[in-house]
Amino acid sequence: MLVDNSSTRQWETALVSEKRWATFIAHLHSDDLHRSAGRGAGLLGEALGLGLTITPDSVGCSVTEQTGSGFVTPAASNELALQLDHAQYAAADGPCVAACRDGLTHGITIMSDEDLYSSFTAAALGLGVRSSLSLPLVGVHRPAALNLYAQSPSAFESAHSRGVAALLARCVAALLPDSDAVLEPTRQVGAEVERKHALMHRAQRVLTGRYDMDEEQAFTELVRRSRAEQCSVFAVAQEVMAATDDGGEQP
Amino acid sequence: VNPDDLRDLSLFEGLDRSGMDYEQVWLAQVGLGGTTGPVEIEAYILGLLRPDAYRHNLIAQAINEHFLDGGGNHPVAYIDP
């Protein structure tokens with residue numbers, strides 16, 4: 001009997017990747033992150049390693065920093081990423097250079113050495129790389145970019161790969177020395193959100209007090225009613241509270 | 001696309017179709033009673049981390065509330081606890 005191991009391998013790969021992300025994010029939140037340069041550097045290395053998991057054929061991930069009129073790579077996943085960065089520095093052009101200069105995301109699919117950034121694309125083709133994506137790093141003290149390289153054309157075109165790259169770029173920005181980048185949201189929790197939060201909490205308390213369920217089960221029950229009645233869960237919570245005021249809440 | 005035609009969307013598909021950004025989802029799940037941090041919310045939606053059923057359903061409801069406001073009806077799929 002033939003056994004197809006490909007789905008098992010994919011599952012194992014996904015599991016390993018999930019564990020790496022979970023560990024990485026947990027460490028990002030640790031209090032001593034910015035007190036220890038060595039710890040930050042270790043996490044930066046892990047971040048660049050995660051950059052190699054964004055697409056199945058990702059082959060390089062690095063950080064470019066602008067230093068006056070020149071550019072340097074303070075961290076790279078491997079020698080290939082370093083070579084690709086340096087090809088752009090030598091040409092004074094390319095996605096990573098452009099991202100540092102204008103603060104915008106630059107991605108290209110490399111089909112021939114006559115494409116945009118011809119000096120870089122010729123080098124990339126010679127190294128078997130056909131996709132490049134560079135994202136500006138926000139909140140860092142010098143213009144910088146996170147660079148991703150892959151073997152296949154259009155490797156970073158999907159909304160999903162761009163989303164993962166954007167998250168990783170924010171994490172990397174927070175890990176660079178002297179960074180002011182923050183991973184916390186820029187928007188504050190306003191009064192309306194607090195009002196909704198309090199309403200949900202009160203409705204869940206009513207349900208947990210009345211029935212044999214915990215708060216998560218109470219939330220599930222509110223959502224169940226929201227789906228059944230095709231209405232907002234906050235409307236359901238209001239109903240629960242109104243019925244409680246009348247003493248009429250029914251299971 | 002008719003909002004009623006959307007169904008069984010993943011968290012990522014739901015976010016993509018809703019036009020919400022990650023911070024909006026994070027705020028919405030806080031309103032629902034969630035305490036998950038913004039980075040984790042993003043990682044769950046992107047499929048980098050796997051949420052338990054409760055956290056998945058909090059995020060699903062956060063996005064679905066946005067669809068309900070626009071006349072849709074819970075297109076993002078839930079996970080049975």
Revision key, fill the gap. Counting only residues that are over 22 Å from A:GLU192 (Cβ atoms), charged (D, E, K, R) and facing another protein chain (nearest Cβ under 9 Å), the stretch B:8-41 contains a total of 2
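Residue-wise test of (1) buried (at least 20 other Cβ atoms within 10 Å of the Cβ); (2) within 25 Å of A:ALA203 (Cβ to Cβ).
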residue	(1), (2)
B:GLY19	no, no
B:ALA28	yes, yes
B:GLY31	yes, yes
B:LEU48	yes, no
B:TYR54	no, yes
B:TYR78	no, yes
Practice item. Give the residues of the stretch B:61-76 that are assigned to a helix (DSSP H, G or I) and open to solvent by 10 Å² or more (accessible area, probe 1.4 Å), sorted by residue number. Key: B:GLU65, B:HIS66, B:PHE67, B:LEU68, B:ASP69
Exercise for review: Test B:ALA77 against the stated conditions and say whether it is under 23 Å from A:ALA166 (Cα atoms) and more than 7 Å from chain A (Cβ to nearest Cβ).
Suggested key: no
Review point. What's the number of the condition A:ARG142 fails, among (1) surrounded by 20 or more Cβ atoms within 10 Å (Cβ to Cβ); (2) in contact with a strand residue (DSSP E or B) (Cβ under 6 Å, 6 or more places away or on another chain); (3) part of a loop (DSSP other than H, G, I, E, B)?
Key: (1)
Review point. Regarding A:PRO143, is this residue over 28 Å from A:GLY68 (Cβ atoms) and more than 14 Å from chain B (Cβ to nearest Cβ)?
Key: no
Review point. Which residue out of B:ARG50, B:ARG55 is without any contact (Cβ under 8 Å) to a residue 40 or more places away in the chain, of a type outside the set (S, T, N, Q) and in a loop (DSSP other than H, G, I, E, B)?
Key: B:ARG50
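Would you check which residues across the stretch A:61-79 are in contact (Cβ under 8 Å) with a residue 40 or more places away in the chain and over 16 Å from A:VAL97 (Cβ atoms) and list them?
A:CYS61
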Check your understanding: Of the numbered conditions (1) in contact with a Ser or Thr (Cβ under 9 Å, 6 or more places away or on another chain); (2) of a type outside the set (Val, Ile, Thr); (3) open to solvent by 40 Å² or more (accessible area, probe 1.4 Å); (4) at the interface with another protein chain (Cβ under 8 Å from one of its Cβ atoms), B:LEU58 satisfies every one except a single condition; which is it?
Key -> (3)
Practice item. Scan (1) within 24 Å of A:ALA26 (Cα to Cα); (2) surrounded by fewer than 20 Cβ atoms within 10 Å (Cβ to Cβ); (3) of a type in the set (Gly, Ala, Ser) for the single condition B:SER10 breaks and write down its number. Key: (1)
Exercise for review: Exactly one condition in (1) more than 9 Å from chain A (Cβ to nearest Cβ); (2) modelled with pLDDT of 95 or more is not met by B:GLY71; state its number.
Suggested key: (2)
Check your understanding: Here are A:ARG210, A:ARG202: which of them is surrounded by fewer than 22 Cβ atoms within 10 Å (Cβ to Cβ), touching a residue at least 12 places away in the same chain (Cβ under 8 Å) and more than 29 Å from B:VAL76 (Cα to Cα)?
Key -> A:ARG210
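The values are calculated or read from the model by the stated rules, or taken from the named source; none is laboratory data. Owing to the predicted nature of the structure, the values given are computational and were not obtained by experimental measurement. No Cβ is skipped: glycine too gets one built from the backbone with ideal geometry, and neighbour counts run over all protein chains shown. Surface accessibility is based on the protein's heavy atoms, side chains included, excluding ligands, DNA and RNA. Shrake-Rupley method; radii C 1.70, N 1.55, O 1.52, S 1.80 Å.
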